[in-house]
Amino acid sequence: MKIRNICCIGAGYVGGPTMAVIAQKNPNIDVYVVDMNVDKINAWNSKNLHNLPVYEPGLAKVVKEARGRNLFFSVDVNKYIDLADMIFISVNTPTKISGEGKGYAADLKYVEACSKQIAKVSKADKIIVEKSTVPVRTSEKIKQILRLNNSDVNFQILSNPEFLAEGTAMRDLEIPDRVLIGGDETKEGKKAIESLVKIYSSWVPKENILTTNLWSSELSKLTANAFLAQRISSINSLSEICEKTGADIEEVSKAIGMDSRIGSSFLKTSVGFGGSCFQKDILNLVYIARSEGLDKVADYWEQILVINAHQRDRFSKKIYDCIKKNNLEPRVLLLGWAFKKDTNDSRESAAIYVSDNLIKNGITIDIYDPKVNKDQVDFDLSYLNDNYNKSLVKFIKDPILNISNYNLIAIMTEWDEFKNYEWNKIYSKIKKPAFIFDGRNILEIKKLKKIGFNYIGLGRK
Ligand code: NAD
Ligand code: UGA
């Protein structure tokens, strides 16, 4: 099928950037990104590119190039479903909070709602692409919904999971390690796969486009995230052994990573991984394993989350133990709220859990983040804890200006600006004794100690 019009349902962190790149690289295809969230679509359409709803380095430039040419954002979901030859479903698939599988299974209500809407509106044959991360065999469910609600139109279903990481999304989309496309092994299925391969091959070398059956594609996405998260929990668990034994986690990480069979990526100790996906995708994998009666397998993957929560808790404990031991004013400056640098996304950020722990221990927190605002902080903390008291949390615009208010600084996100601070100037103004809790191990210990700071990192002294 020749693809002239694409519709993407879901203008979020995946739908927006992914479609911007597809439109940029395929100027002969019109790409319509639709969402039911009016504010989000208005923000995508806003003249001032600083107001885009997603912050990603390099995104504004691509939007500027393609928007209005062959990239469009709209709330008119039905209109563009009807127009499109190919529809990407790129909606959220959060962990279920009620019903069967509560706390583990992925909630597919948004995917199912889109499928029904597509069936209802479509008058001509279409290719439906599952972009959202979903449990294995979801494509079967989508197929059923489409057939049940519209038997006049032929739908081909593809799975095309997204592997971009926030903060580096534009680079990841521009030069992906691989593009994965799963489809039916029928003649029509193969044709549909070819249509999507053609779109990606406008800029991705053919050898980096991997085609598989539908279920392999779905399961590969979940497991890729589980493997990445597993490495972080592995190194974080070792950081605690380092603290007991005197080994240095940065040295251990380097030594392990130089083994070419292991590799050096994703071996950076931290206060714990965040982001909207690692936790939910592992919970989903655990749920699938348990549903199949594979309890040992489920326990194995679940342990990744146990270590991640433990790392956040023990980091929080370091802070309140320090306050108690040194009889300090219970007040901490938290630098960073986003779950990693170069994004405005704070979903599941370790900072949320650490703050909640600190507040529960009577500690007042002041927060600074270059891209996240106070409303988001309040939303995140009240979502975690119904009893959240806004007045215990202050959001500050210039942390350095007010630095004389604090004895304790905790680095929660590895934003470059924190690395580049003039720490000697900060030391001259901060209350003494001065403590730095480096939740990302980004600062130079020797330099800080020489200045006079008490440095508390993870797995290194
Ligand atoms: P998001 O919450 O940022 O965006 C989802 C959007 O879908 C929202 O704007 C929501 O309003 C919209 N939506 C939901 N139902 C709708 C409907 N019926 N009609 C119209 N709009 C609807 O989510 P995201 O971070 O972009 O993630 C989307 C999917 O991609 C998830 O399955 C996620 O696991 C996966 N994923 C995310 C990332 C990432 O970095 N965020 C990376 C890879 C894969
Ligand atoms: C992750 C995957 O890397 C993407 O491939 C995937 O597409 C995406 O999830 C998804 O499915 O949503 P993302 O969560 O955006 O991407 O960012 P990562 O770079 O993976 O970082 C996740 C968390 O792990 C962050 O909190 C980061 O600080 C932390 N991390 C990462 C570490 O603590 N140590 C590391 O060595 C690497």
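The values are calculated or read from the model by the stated rules, or taken from the named source; none is laboratory data. This is a predicted model, so every value here is computed, not measured. Methodologically, a virtual Cβ is constructed for each residue, glycine included, from the backbone with ideal geometry; neighbour enumeration extends over all protein chains shown. In case anyone asks, the SASA skips ligands and DNA or RNA and just uses the protein heavy atoms, side chains included. Shrake-Rupley method; radii C 1.70, N 1.55, O 1.52, S 1.80 Å.
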Handout entry: Tally of residues being open to solvent by less than 70 Å² (accessible area, probe 1.4 Å) and touching a residue at least 40 places away in the same chain (Cβ under 8 Å) across segment 287-304
Key = 4
Problem - Members of segment 262-281 found to be within 12 Å of ligand 1 (Cβ to nearest atom) and out of contact with any Lys or Arg (no Cβ under 6 Å at 6 or more places or on another chain), listed by number - result: 274, 275, 277, 278, 279, 280, 281
Handout entry: Boolean, residue 176 is within 16 Å of ligand 2 (Cβ to nearest atom) and not hydrophobic (A, V, I, L, M, F, W, C)
Key = yes
Fill in the blank from the handout: Taking segment 118-145 and keeping residues away from ligand 2 (no atom under 16 Å from the Cβ) and either under 18 Å from residue 290 (Cβ atoms) or open to solvent by 60 Å² or more (accessible area, probe 1.4 Å) (or both) leaves 120, 123, 125, 137, 140, 141, 144
Problem - Every residue from segment 367-399 that is open to solvent by 50 Å² or more (accessible area, probe 1.4 Å), among the hydrophobic types (A, V, I, L, M, F, W, C) and touching a residue at least 12 places away in the same chain (Cβ under 8 Å) - result: 384, 392, 395
Completion exercise
Scanning segment 264-274 for residues that are buried (at least 23 other Cβ atoms within 10 Å of the Cβ) and either among the hydrophobic types (A, V, I, L, M, F, W, C) or within 6 Å of ligand 2 (Cβ to nearest atom) (or both) gives 270, 271, 273, 274
Exercise for the section: Residues being within 13 Å of ligand 1 (Cβ to nearest atom) and either assigned to a helix (DSSP H, G or I) or open to solvent by 20 Å² or more (accessible area, probe 1.4 Å) (or both): count how many of those fall in segment 146-165. Expected result: 4
Practice task
Residue by residue through segment 429-438, note down the ones that are more than 12 Å from residue 411 (Cβ to Cβ) and surrounded by 13 or more Cβ atoms within 10 Å (Cβ to Cβ).
Solution key: 429, 430, 431, 433, 434
